[in-house]
Structures are given as C-alpha cells and as structure tokens.
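Here is the structure we will look at.
The values are calculated or read from the model by the stated rules, or taken from the named source; none is laboratory data. Computed from a predicted structure; not experimentally measured. Please note: Cβ atoms are built from the backbone with ideal geometry, for glycine as well, and neighbour counts cover all protein chains shown. Ligands, DNA and RNA are stripped out before the accessible areas are found, and what is left, the full protein with its side chains, is counted by its heavy atoms. Shrake-Rupley method; radii C 1.70, N 1.55, O 1.52, S 1.80 Å.
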Amino acid sequence: MSETLVFKLKETEGYFDAASLEDSDMPNVPSDVIFLNLENAAITDTGISNLPFLNKVRCLDLDSTLITDKAMKIITLFSTLEELWIEDVKVTDEGFKLLSQLPNLKYVSFLDTEISDEAYNYVKAKLPHLRAEG
C-alpha cells in the first residue's frame, strides 16, 4: 500500500480536497487536478457528471460517497487515471467492469463493496498490471 499514489500525492501541487463540496460545486473543480479527494463527500452520480474533464487526474478517491455505476461511466473518460478508491460505495459488477477501459489504471481499492471475484477477474484479464484490494 505504501506504493499507492493516494499517500504520495496528498501534499503536492495538483491535490484538490473536495470532501466538503456538494454536487453543485463539482463544475468548480480545476480541470488540471492530479489528485481529487472526494472521500466521505455527499457526492452522487450527478456530481460526478458535473465534473469538468479531468485531463491530468492520476488519483481519484471516492470512498464512502454516494456514487453508483452511472458515475463509473464518467470515470472511464479520465484516461490518465492510475489509481481509484471506491471503498464503501454502491458500485456493482457492471460498473466495476467498466474500469477495463482505463489503460493506465494500476491500482483500485474496492473494500466494503459487493463487487464479485468474477468482475475483478474480468478487469484483471484486461489490465494484467492492475493491483487491487477488495
């Protein structure tokens, strides 16, 4: 876990803590953010769909948010994403499988979800370099 970006990027330029923001605030997130922290935010799929296109994002922390599979469709547009934290969210196997569209994804944490081994194995087959906890 010490190799994960979430700890390395927290105090660097490009880190944006949006944990206290709401769905309506998402258009104000800088498009050049490198690490977007939304952990424990009252963010829904609507908020994720209101994000600007994050063309440099490498790490996205969505732990304990209100996202579902709909948000995962938006997240797959962030092709620079290397690390995703989706612990304690309502993402299903269908949404999780969409992660296979992220060629740069190196790590995903999906603890406290209902994501199955089958869905994980599907993504792992497409992204053999992927490390995960879940």
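Residues of region 61-116 that are part of a helix (DSSP H, G or I) and of a type in the set (Ser, Thr, Tyr): Ser100 alone. When the residues of region 87-110 are filtered to those that are basic (Lys, Arg) and over 28 Å from Glu13 (Cβ atoms), the one that is most open to solvent (accessible area, probe 1.4 Å) is Lys90. Checking each residue in region 117-134 for being open to solvent by 40 Å² or more (accessible area, probe 1.4 Å), under 17 Å from Asp69 (Cβ atoms) and either assigned to a helix (DSSP H, G or I) or at pLDDT 95 or above (or both) picks out Glu118, Tyr120, Tyr122. Counting only residues that are more than 23 Å from Asn50 (Cβ to Cβ) and under 11 Å from the mean Cα position of the chain (by Cα), region 83-107 holds 1 of them.
Filtering region 46-60 to residues that are under 11 Å from the mean Cα position of the chain (by Cα) and outside any helix (DSSP H, G or I) leaves Val57, Arg58, Cys59, Leu60. For region 21-69, filtering for residues that are surrounded by fewer than 20 Cβ atoms within 10 Å (Cβ to Cβ) and of a type in the set (Lys, Arg) leaves 1. If the condition is being hydrophobic (A, V, I, L, M, F, W, C) and either without any contact (Cβ under 8 Å) to a residue 12 or more places away in the chain or open to solvent by less than 10 Å² (accessible area, probe 1.4 Å) (or both), then region 74-86 contributes Ile75, Phe78, Leu81, Leu84, Ile86.
Kindly indicate whether any position in region 45-65 is over 27 Å from Lys126 (Cβ atoms) and touching a strand residue (DSSP E or B) at 6+ places or on another chain (Cβ under 8 Å). Yes, some residue in region 45-65 is over 27 Å from Lys126 (Cβ atoms) and touching a strand residue (DSSP E or B) at 6+ places or on another chain (Cβ under 8 Å). Contact map, region 46-73: first residue in contact (Cβ under 8 Å) with a residue 24 or more places away in the chain, second residue of a type in the set (Lys, Arg), Cβ cut-off under 8 Å, separation 6 or more or different chains; pairs are Ile48/Lys70; Ser49/Lys70; Leu66/Lys90; Ile67/Lys90; Thr68/Lys90.
If the condition is being touching a helix residue (DSSP H, G or I) at 6+ places or on another chain (Cβ under 6 Å) and of a type in the set (Val, Ile, Thr), then region 92-109 contributes only Thr92. Scanning region 37-77 for residues that are under 13 Å from Leu105 (Cα atoms) and in contact with a Phe, Trp or Tyr (Cβ under 8 Å, 6 or more places away or on another chain) gives Val57, Arg58, Cys59, Leu60, Leu77.
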